Amino acid sequence: MKKYLAISVCVMALAGATCTPQEQLYGGAATGALLGFGLSELVDANAGWAVGLTLAGAAIGAEVARNNQTGECAYKRADGRVDVRPCRS
């Protein structure tokens, strides 16, 4: 099972290289969901944790894809506020 999850993630990453922004967002969510589910399998989580990790992975994957599209990153300041500006190289 773990071997098939790893292969699926690799195929999705390669397929997402030439996608439109909307497809990249969906691809990021799908990849994140696969990674979350893979993590739940790795730690032998129960069904509730597996669902939670899968949904959290999907949300994180979609956000990473969206940030890659805009080229902006969020930087936390010492006073607790967050600045969104172009990513540093």
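The values are calculated or read from the model by the stated rules, or taken from the named source; none is laboratory data. What you see is a predicted model, and the numbers here were worked out from it, not measured in a lab. For neighbour counting, all protein chains shown are included, and Cβ atoms are generated from backbone atoms with ideal geometry for every residue, glycine included. Surface accessibility is based on the protein's heavy atoms, side chains included, excluding ligands, DNA and RNA. Shrake-Rupley method; radii C 1.70, N 1.55, O 1.52, S 1.80 Å.
Tabulated results
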item	result
Every residue from the stretch 49-67 that is at pLDDT below 90, surrounded by fewer than 17 Cβ atoms within 10 Å (Cβ to Cβ) and aliphatic (A, V, I, L, M)	59, 64
Selected residue (criterion: modelled with the lowest pLDDT) from residues of the stretch 1-48 that are open to solvent by 80 Å² or more (accessible area, probe 1.4 Å) and hydroxyl-bearing (Ser, Thr, Tyr)	18
